[in-house]
There are 2 protein chains.
Amino acid sequence: MSLPVPTTEAPPVGVVGLGQLGGSLAAALVGAGREVRGWDVDPAAREAAAARGVRVTRELAGVVVLAVPLPATAAALDGLDVDPAATVTDVGSVKEPVLASVGAALGGRFVGGHPMAGTERSGHAATDPGLFRGARWALCLEPGTDLRRWLRAAEVALDAGAEVVPVTAAEHDAAVAAVSHVPHLLAAALAAAAGEAGPLALSLAAGSFRDGTRVIGSDPAFVTAMVEGNAGPTAAALDRVLVQLGRPWPELVAAGHAVRTAPGGGRAVRVPLERAALLALGRAGGTVTRRLAAFVEGRVPEA
Amino acid sequence: MSLPVPTTEAPPVGVVGLGQLGGSLAAALVGAGREVRGWDVDPAAREAAAARGVRVTRELAGVVVLAVPLPATAAALDGLDVDPAATVTDVGSVKEPVLASVGAALGGRFVGGHPMAGTERSGHAATDPGLFRGARWALCLEPGTDLRRWLRAAEVALDAGAEVVPVTAAEHDAAVAAVSHVPHLLAAALAAAAGEAGPLALSLAAGSFRDGTRVIGSDPAFVTAMVEGNAGPTAAALDRVLVQLGRPWPELVAAGHAVRTAPGGGRAVRVPLERAALLALGRAGGTVTRRLAAFVEGRVPEA
């Protein structure tokens, strides 16, 4: 796993929202030796975090992570005492709307983020310090992003066990539309059409139906907020799926099989601390696995 | 589990093709105390079956189960010495084409079947005597099907641990188009479109993409034969999915979620040994769980 070497003393981390994502992040960071403060509107979530070594307080500084539901992100800092020099990041599943609200308010202090982790469960009872281990964590590098603050946010993700994917908000939203938001819509359509086909069809449903519809077992309010919060890229990605469905079936099956069974792995790379180089790494499917003083280490898929 | 009570002495079972499905069935039936004979063109498959208590021979009688790949079904009995009074059934994933070939040749002696079981693995090394435990096993009751032969085939499925779903071949093919063949096409289109979206999208792919594309990891030749062998119903079922995808997303998400999370379970029923009553059970999403002398026991979903 990645073992980042801090270049200067690591700042404290403040986690706002101690549910599944925030609680798991706080617990992981405590385990990694970081100083972690946190707050949640729910006293039970605060108590659970305190029991895991989180200092429960409204006074936050260093890197402040907004881990609240997407619609609550813009107002997440209301009533908290946050150091005006703090770097603020988030974990929301869509990035352009958050950039337009929180990012517009905080300017260069905001770094949008999205860990590709989480399960159908939610709330502080679903906390798991290992939730981010080996997961990808997208971090937005906009033209106005302060690179030093981006690296501070990256250290938090690396300390939680994730690999960091440098992206722009627009690139992120297009990518997750294709690999996360459209799968939710396909699962919904598959389940709804089978429901219309009737009880006999549902009674013959086996593995391929279960796998293909699993994700629509999630809370419909959450799924709807996610796809509607990323409506443009999701509609475009859905159109690309519909084009695929119009291909001759043997071609379609072969193309899908080739993507699904492509070998994983990759080779190690060193990338200088520059926006363009980091974004190129992300576009190549690469990740940052370790931060060093003058560059980051990472890996990219084999060509 | 179902413990069928044989009404008269159970006839021997002959299994043609001792790969994953045939080998598993033969092993399950040996475990259930049935006399099992079997044949496979591959000597290694014959040896593995013999080691599990199957009598390896070309002389088959009683209920003969064709467990060969779909394109090989029509010629599966070539070179074998089969009792002219034997009931013949199969395990193919599409039923109308098999009815038109094998069924046309054998007339009322043929009972089309399809166990909703099997994994991405194949061959005799993937044999698992528990493969059919709790699985649904569709058995075709056409207007010309001899009900006594249908019940003999049903006993074989029940003895393997499955629940039997009485269907017509046309009903079966429409149902599996909706819950199995279309999911394969959706998985292929999702994977192919994500591949076109590029390495960044694939690098952010997580649980919803993995689940939604899992089934297209199967052998593309097998998948293509399956969807093309059931082209009409699959195209119709795909059209119904496309209609769903045109609904407003909040509606679509709610409808899909409701089907995916519908409660299971059901109530016990007794069904007389009549074609119409058995088919009505299947259409209601019900299954036969036990054969008795004058009726079958089963269960149907709660209304």
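Near the amide H of residue A:64, within less than 5 Å, lie the amide hydrogens of A:14, A:87, A:88, A:89, all on another chain or at least 5 residues away, with H placed in the peptide plane. With both labels modelled 7 Å from their Cα along Cα-to-Cβ, the residue A:121 to residue A:170 distance reads 4.0 nm. Taken one residue at a time, the phi angles of the range B:92-105 give Karplus couplings (6.51, -1.76, 1.60, θ = phi - 60°) of x, 7, 10, 10, 5, x, 5, 4, 6, 9, 4, x, 5, 6 Hz. Gly and Pro are set to x.
Taking every DSSP beta bridge that has both ends in the protein assembly as shown, the antiparallel portion is near 40%.
Averaged over the residues of peptide B:238-251, the number of Cβ atoms from other protein chains lying within 10 Å of each residue's Cβ is 6. Taken across both chains, chains B and A shield about 6200 Å² of accessible surface from a 1.4 Å probe.
Backbone amide hydrogens, once placed in the peptide plane, bring residue A:136 within less than 5 Å of A:116, A:163, excluding anything fewer than 5 places away on its chain. Taking amide H positions as modeled 1.01 Å from N, with prolines and chain starts lacking one, the residues under 5 Å from residue B:141 and 5 or more places away or on another chain are B:167, B:168, B:169.
Averaged per residue, what accessible area in Å² does the range B:57-176 show with a 1.4 Å probe, protein chains only? Kindly include the intermediate steps, with their values, before the conclusion.
Values: 4220 Å² over 120 residues.
Dividing the accessible area of the range B:57-176 by its residue count gives 35 Å².
Counting only other chain Cβ atoms within 10 Å of each residue's Cβ, the peptide B:219-230 averages 4. Averaging the Cα positions of each part gives two centres, and for the range B:135-158 and the range B:180-250 these lie 32 Å apart.
Using a simple spin-label model with pseudo-atoms 7 Å out from Cα toward Cβ, residue B:228 and residue A:75 lie 5.8 nm apart. Summary of packing: across the peptides A:195-202, B:92-99, the per-residue average of other C-beta atoms within 10 Å ranks them, highest first, as B:92-99, A:195-202. Heavy atoms only, probe 1.4 Å: what % of the accessible area of the range B:172-245 goes to carbon and sulfur, would you let me know? Carbon and sulfur: 60 percent of the exposed surface of the range B:172-245. With the whole protein complex present, residue A:209 retains an accessible surface near 20 Å², based on a 1.4 Å probe.
The values are calculated or read from the model by the stated rules, or taken from the named source; none is laboratory data. It should be emphasised that the depicted structure is a prediction, and the values quoted were computed from it without experimental measurement. All Cβ positions, even for glycine, are placed from backbone atoms using ideal geometry, and neighbour counts span all protein chains on display. Side chains are part of the model used for accessible areas, which takes the heavy atoms of the whole protein and leaves out ligands, DNA and RNA. Shrake-Rupley method; radii C 1.70, N 1.55, O 1.52, S 1.80 Å.
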